[in-house]
1. For a quick check of your reading: which strands (runs of 3 or more DSSP E) sit entirely within the range A:7-116 and have at least 1 residues that are open to solvent by less than 10 Å² (accessible area, probe 1.4 Å), within 16 Å of ligand 1 (Cβ to nearest atom) and more than 9 Å from every other protein chain (Cβ to nearest Cβ)?
2. Just checking, does the range A:122-141 include any residue being over 17 Å from A:Val56 (Cα atoms), open to solvent by 70 Å² or more (accessible area, probe 1.4 Å) and within 11 Å of another protein chain (Cβ to nearest Cβ)?
3. How about the range B:17-29: which of its residues are within 9 Å of chain A (Cβ to nearest Cβ) and open to solvent by 30 Å² or more (accessible area, probe 1.4 Å)?
4. From the list B:His40, B:His32, B:His56, which one is within 14 Å of chain A (Cβ to nearest Cβ) and open to solvent by 20 Å² or more (accessible area, probe 1.4 Å)?
5. Find the residue count for the range B:675-707, including only residues that are assigned to a loop (DSSP other than H, G, I, E, B), of a type in the set (A, V, I, L, M, F, W, C) and within 9 Å of another protein chain (Cβ to nearest Cβ).
6. Give just the number: which of (1) farther than 30 Å from B:Glu443 by Cβ; (2) open to solvent by 10 Å² or more (accessible area, probe 1.4 Å); (3) more than 12 Å from chain A (Cβ to nearest Cβ) does B:Glu672 not satisfy?
7. Modelled with pLDDT of 95 or more, surrounded by fewer than 24 Cβ atoms within 10 Å (Cβ to Cβ) and within 25 Å of B:Gly407 (Cα to Cα): does that describe B:Glu275?
8. Counting only residues that are assigned to a loop (DSSP other than H, G, I, E, B) and open to solvent by less than 20 Å² (accessible area, probe 1.4 Å), which one in the range B:258-272 is nearest to ligand 1 (Cβ to nearest atom)?
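The values are calculated or read from the model by the stated rules, or taken from the named source; none is laboratory data. Note that the coordinates shown come from a computational prediction; the quantities given were computed from them, not determined experimentally. Every residue, glycine as well, gets a Cβ built from its backbone with ideal geometry; the counts of neighbours run over all protein chains shown. Areas reflect the complete protein model, heavy atoms only, side chains present, ligands, DNA and RNA absent. Shrake-Rupley method; radii C 1.70, N 1.55, O 1.52, S 1.80 Å.
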Amino acid sequence: MQVTITVNGLPYTREVEPRLLLVHFLRDELNLTGTHWGCDTSNCGVCTVQLDGVPVKSCTVLAVMADGHEVTTVEGLERDGELDAVQKGFMECHGLQCGFCTPGMLLTARWLLDREPHPDEGTIREAISGQLCRCTGYENIVKSIQRAAEL
Amino acid sequence: MSFGRMHRKEDARFIRGRGNYVDDVRLPGMLHGAILRSPHAHARILSIDTSAAEAHPKVRAVITGQTLAGLNLAWMPTLSNDVQAVLATDKVRFQGQEVAFVVAEDAYSARDALELIEVDYEPLDAVVDARRALDEDSPVIRDDLEGRTSNRIFDWEAGDRERTDAIFAGAEVTINQDMIYPRVHPAPLETCGAVADFDKVTGKLTVWCPTQAPHAHRTLYALVAGLPEHKIRVISPDIGGGFGGKVGIYPGYVCAIVGSIVTGRPVKWMEDRSENLMATAFARDYHMSGEVAATRDGVIQAIRVKVLADHGAFNGTAQPTKFPAGFFHVFTGSYDLQAAHCEVTGVYTNKAPGGVAYACSFRVTEAVYLVERLIDVLAAELGLDPAELRLRNLLKPDQFPYTSPTGWEYDSGDYIKTMRMAMDIAGYDKLRAEQADKRARGELMGIGISFFTEAVGAGPRKHMDILGLGMADGAELRVHPTGKAVLRVSCQSQGQGHETTFAQIVGHELGIPADDVEVVHGDTDQTPFGLGTYGSRSTPVSGAATAIVARKVRERARLVAAAMLECSPDDLDWQIDESAEGRAGSWAVRGDPASRKSMQEIALAAHSALELPDGVEGHLDAVTVYNPPNLTYPFGAYICVVDVDPGTGQVKVRRFVAVDDCGVRINPMIVEGQIHGGLADGVGMALMQVMAFDEEGNHLGASFMDYLLPTSMECPSWELGETVTPSPHHPLGAKGVGESATVGSPPAVVNAVVDALAPYGIRHADMPLTPANVWRVIQGDPFRTDLAIP
Ligand code: FES
Ligand code: FES
């Protein structure tokens, strides 16, 4: 099947199998390997991207479902050489260690701050609760998002 | 910037999605592999029919145990001198075991083709419960090993049995408690995988694989496959978490290599999550029976332990050859005892192999859990506050270096100070008062303490090895003419931030900015030999190697500086100037500090036409190998506060105070981050993580739906404190910290929950303390957490 998906502002048209997952479309067709894959059951969230501005687990979306839609991945956060505030926040507050969960966390954080510029700790924890991190114990992820809100 | 909170260099790529993990490696013409796994825990393989899979238009090869047997590769050595099937030939011995490997043009087709392979199995009775493994009528799992008639792997003991028994015989008070440290899995978010590329023309094999020990892998591949070691290059790219699960070699890696040799093209193999949970290294699975002898006024005299260790179907634990139970015999913990003794029996069961994996410091985790639970049981028996009981028995500063009853030499410690700091931060007395109020109202609140001593930084090479390879690590430092440096180390980061911490060490020693130091790691063609990163050994071992190699460079620089300043090297003093711009080092003439040469000036001169005295080579580069004289012994005091809902059994971790002493902290930001992660692990293991099995050996935790990991909602905001007791033998006084919190936190959480349940007369409950389990414990009807067997 042919799909056209706008990713980070650019349209991409590709011939794909109907069963192709969006995460594999991004990684294998477009070579956008910042979006990761980590589980078979839609639990880990390392595949999180924004679909029309809303965070989704791209392992749970078929590429054909994204046909005609807009996707933002971690590669799309930096604009004109300027890092997004969430990227700066994570760097300043040590919000990442191995970096595997980070792209997904950044996209959820961006979405949260777009809706709620100054979230409290509980709101942040809830927003990222569908995404696992095995390294940070979440503490510095929360702080990073709080810091991003100030930037 | 020298030591201190420097932002991480590696973040620049990770926050942009520019990390390079193994699944991001793409080579021209690359094929994709997938593994067919056993649905049975124990079964004889009668036949395998691969013809339909081979006929699939996108399949390029199908490899079975028989194919491998032809190459003498059907079995590979494990890290404990056992053998493990790469692809099963005779029997399958755990659910999820590797049976066949398909190589196809793309990953989806490879998976499709797995469905086309027909395997005829004859199911056999499975040994699931370790406590039944040695029964007379138990099926023998390892009938592949000649002469083996039972599932016993080893019996091992440590300590002084007679002295311990004598103390028990005369003790005023004794207590005993059975406990299970259930089977868990480290579950890094990146699963395991490999890309193998064998170049037929040059004979060179390159393997990209997220390994914590790339050099050990290279040597093992050479030994297993008979390939010359200089023709093997192992590249460990960015790793999405390891936690011990990425130390060993998995069958999939060997399959990818064979796939590349057979097809002449690069082959990628990536496991999925259920494969990761079912077949890669588990941790723990220790069934422990502990006893304490004490005086009535709370002086602990001796500990006696029996352990049944479930090693799964192949003994694959990664631990020094001398120590089949790892460092478990450090179980006397942080206390001043007269004697101790342990007996450990290792058995085979029909479960995945593995062993020490999961940030456990070679089973110090199990040891600390045991002793910290026993102390609380003793406190309950004596009617003493568990903090008070610990304070009475903790080692005193003047007892260090301290030789433990089982032979460990603790390097340094000031335990009581650390314990008091944790109690102060927690407001311990107030918490106890609050608890008393709540109890009076029928509410369940618990306060749990754990005091741990870790044993990390393995190790002195004469005692510590993996398959005969001594645990010493190399470092190589080059200083370029402009004074910028490249450090090459044998250890490999899985998120620990080595590129930053090690650059800081070089910057500190050479007096140059850490930003001027590039750290190269994870590529065996580019780095010196060493055993890698696990057991919190990077800073204790490679960090020490880095400091020493930098000091060698500094001494070489002194000779060049002397030539520049036309004086004797003995007349020079090393001088460090701290300023807002950072730290600048120079060699200065004694008594004339204005006559000096900075490291940058010296580096340029060392590469110039400057005439050097006889015997001075020029250039500044140096290499070293660091063989630690002893382990390092970080320690800490943790206090956890929980609230338990008596109606549902739900546990809420309200507060968690952690005071860690890991000696000198090179980058406190990174140290704290590692502690946070380990604390979350502890909460996870104590409350939710377990790999249980049913009586047929079916894995009941093979997805993230069933194997629960803590999220941001289960974790409190961690409250940290620090004390600094430098290690006397480490060149920087550092001790290592990566695993401390994973080791120390589970008993604090369990002690807190058991404390909350004290009104019901409960003294112990096994992990994980899920709502269902806690509720059953309250009803006086606890269930087995590790097995779903009635
Ligand atoms: S890969 Fe785990 S939720 Fe998508
Ligand atoms: S930083 Fe490693 S999983 Fe989050």
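1. On the way: elements: A:10-15, A:48-51, A:54-57, A:70-72.
The strands (runs of 3 or more DSSP E) meeting that bar are A:48-51, A:70-72.
2. no
3. B:Arg18, B:Asn20, B:Asp23, B:Arg26 - these are the residues of the range B:17-29 that are within 9 Å of chain A (Cβ to nearest Cβ) and open to solvent by 30 Å² or more (accessible area, probe 1.4 Å).
4. Numbers: B:His40 fails: within 14 Å of chain A (Cβ to nearest Cβ); B:His56 fails: within 14 Å of chain A (Cβ to nearest Cβ).
Just a single option satisfies the conditions, and that option is B:His32.
5. Total meeting the criteria: 2.
6. (3)
7. Values: modelled with pLDDT of 95 or more: yes; surrounded by fewer than 24 Cβ atoms within 10 Å (Cβ to Cβ): yes; within 25 Å of B:Gly407 (Cα to Cα): no.
For B:Glu275, the condition - modelled with pLDDT of 95 or more, surrounded by fewer than 24 Cβ atoms within 10 Å (Cβ to Cβ) and within 25 Å of B:Gly407 (Cα to Cα) - is not met.
8. Keep residues of the range B:258-272 that are assigned to a loop (DSSP other than H, G, I, E, B), which gives B:264-266, B:271-272.
Filter again for open to solvent by less than 20 Å² (accessible area, probe 1.4 Å), leaving B:266, B:271.
Values: B:Pro266: 24, B:Glu271: 13 Å.
If we take residues in the range B:258-272 being assigned to a loop (DSSP other than H, G, I, E, B) and open to solvent by less than 20 Å² (accessible area, probe 1.4 Å), then B:Glu271 is nearest to ligand 1 (Cβ to nearest atom).
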